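Colleague: The structure under discussion is supplied below as structure tokens; questions concerning it will follow.
Each reported figure results from applying straightforward, stated rules to the coordinates on display, with no laboratory input. Given the structure is predicted, the values throughout are model-derived calculations rather than measurements. Cβ placement follows ideal geometry from the backbone for every residue including glycine, while neighbour counts extend to all protein chains displayed.
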Amino acid sequence: MSESSEPSSEQPTEKPSRLVWDLPTRLFHWLLVGSVLVSLVTIEIGTVDSMTLHIYAGYLVLTLILFRLAWGVFGTFHARFVNFLKGPASVLADLKSLFRKDKPHTEGHSPVGGWAVMVILLVLLVQAVSGLFVADEIYFMGGPMADMVEDTAAGKWFERVHHYNGEIVILVVLVLHMSAVTFYQLRGDPLINAMWHGKKPEATQYIESSSLALAAKLFLLAALIVLMVVNLP
């Protein structure tokens, strides 16, 4: 069987669970969850060591998001933005059908879920980028670009964005995301299970390869970009 990141058109008589979410997408998801949790916990602990870990968690978040943006263009079928970002009509129809018992399960992201992914990526990208320009006066630590905007209006703006985005917007988005996942789990669409093993039952647009070599190259490129940014003179 030849490997391909495109959906297979094979229609077996019996429809077993098939791979929908590739391994890079699943690793991205759980690493992002872990990184965000570390960022939230370390900022509350507030020691020098925890703030150091907080900064590195931010670097990892930025690397992961850059990777996901590239993977959304070059990745496997269900990971590509073009295959799950739908127009207003599809989003509205999806919203109207949320509470219907006969609502069909989607194999990838639903129209609403697709845009929810983009909101999460945007919010976390804003947090990671703004953190590069923020300094902590208590621990004399901060982002690698904090000196560039120290004692300037831009520096104050980055601080406000990082503060309000981190303490309000991200928490609201996380609560909404977890609520949505719980809702789908209760109605019989096991999103958590699928994001763990990558498979969904009776999938017709399944993938046969996770394109690991391509994913590794894109992740290394994202890591290199972040490494160059945080080490700018």
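Colleague: Restricting to segment 181-230, give me the number of residues that are part of a loop (DSSP other than H, G, I, E, B) and not aliphatic (A, V, I, L, M).
Modeller: Result for segment 181-230: 13.
Colleague: Still on this structure, I have one more. Looking only at segment 30-77, how many residues end up being surrounded by fewer than 18 Cβ atoms within 10 Å (Cβ to Cβ) and not in a helix (DSSP H, G or I)?
Modeller: Residues in segment 30-77 being surrounded by fewer than 18 Cβ atoms within 10 Å (Cβ to Cβ) and not in a helix (DSSP H, G or I): 2 in total.
Colleague: Six or more apart or on different chains, Cβ atoms under 8 Å: show the pairs whose first residue is in segment 111-127 and outside any helix (DSSP H, G or I) and whose second is buried (at least 16 other Cβ atoms within 10 Å of the Cβ).
Modeller: Final answer for the pair search is none.
Colleague: Then there is this: Somewhere in segment 150-162, is a residue in a loop (DSSP other than H, G, I, E, B), touching a residue at least 12 places away in the same chain (Cβ under 8 Å) and over 23 Å from the mean Cα position of the chain (by Cα)?
Modeller: yes
Colleague: Now for a different question. Starting from residues that are loosely packed, with under 13 Cβ neighbours inside 10 Å and of a type in the set (Gly, Ala, Ser), keep the ones in segment 126-185 and report whichever is nearest to TRP30 (Cα to Cα).
Modeller: Only one residue fits best here, namely SER179.
Colleague: Something else now. Considering every residue within segment 84-96, establish whether at least one is in contact (Cβ under 8 Å) with a residue 40 or more places away in the chain and in a helix (DSSP H, G or I).
Modeller: no
Colleague: Tell me, please, whether a residue that is more than 25 Å from ALA57 (Cα to Cα), more than 19 Å from the chain's Cα centre (by Cα) and of a type in the set (A, V, I, L, M) can be found in segment 214-233.
Modeller: No: zero hits.
Colleague: What are the pairs with Cβ atoms under 8 angstrom where one residue, in segment 197-214, is more than 16 Å from HIS109 (Cβ to Cβ) and the other, located anywhere, is part of a helix (DSSP H, G or I)? Sequence gap at least six, or different chains.
Modeller: Within 8 Å, the pairs are SER210/LEU23; SER210/PRO24; SER211/PRO24; LEU212/LEU23; LEU212/PRO24; LEU214/PHE74.
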